[in-house]
1. Quick check: is even one residue across the stretch 61-73 without any contact (Cβ under 8 Å) to a residue 40 or more places away in the chain and touching a strand residue (DSSP E or B) at 6+ places or on another chain (Cβ under 9 Å)?
2. Among the candidates 41, 16, 23, which residue alone is surrounded by fewer than 17 Cβ atoms within 10 Å (Cβ to Cβ), assigned to a helix (DSSP H, G or I) and in contact with a helix residue (DSSP H, G or I) (Cβ under 8 Å, 6 or more places away or on another chain)?
3. Please go through the stretch 16-27 and pick out each residue that is modelled with pLDDT under 85 and within 15 Å of residue 52 (Cβ to Cβ).
4. Report yes if residue 30 is at pLDDT 90 or above, surrounded by 12 or more Cβ atoms within 10 Å (Cβ to Cβ) and not in a loop (DSSP other than H, G, I, E, B), otherwise no.
5. Give the residues of the stretch 44-67 that are part of a helix (DSSP H, G or I) and either out of contact with any helix residue (DSSP H, G or I) (no Cβ under 9 Å at 6 or more places or on another chain) or surrounded by fewer than 12 Cβ atoms within 10 Å (Cβ to Cβ) (or both), sorted by residue number.
6. When you look at residue 75, is it at pLDDT 90 or above, assigned to a helix (DSSP H, G or I), exposed (fewer than 14 other Cβ atoms within 10 Å of the Cβ) and in contact with a helix residue (DSSP H, G or I) (Cβ under 8 Å, 6 or more places away or on another chain), yes or no?
7. Return yes when residue 35 is modelled with pLDDT of 90 or more and crowded, with 17+ Cβ neighbours inside 10 Å and no when it is not.
């Protein structure tokens, strides 16, 4: 896993989609457990493995249009999904 994938700053993707308390809990959990943000979100059952893979793909942050498309997709999922597991 490279440095970008381990960056706690990736939690900004959660804040853009969901709520700030959740976005803050994930990096704390990741740091405590020595996990990436992606793996922490999956272990906390906030996102499925497949969704986390797409959401925390570090390459999306280099392309603003692609990042916006991913954020919009996941915002819609949050609106229609249960508060515990994002698919």
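1. The answer is no; no qualifying residue exists.
2. Every option except 16 fails the conditions.
3. 16, 17, 18, 22, 23
4. yes
5. Selection gives 49, 50, 59, 62, 64, 65.
6. Judged against the criteria, residue 75 is not a match.
7. yes
The values are calculated or read from the model by the stated rules, or taken from the named source; none is laboratory data. No experiment lies behind these values; they were computed from the predicted model shown. A quick note on method: Cβ atoms are made from the backbone with ideal geometry, for glycine too, and the neighbour counts reach across all protein chains shown.
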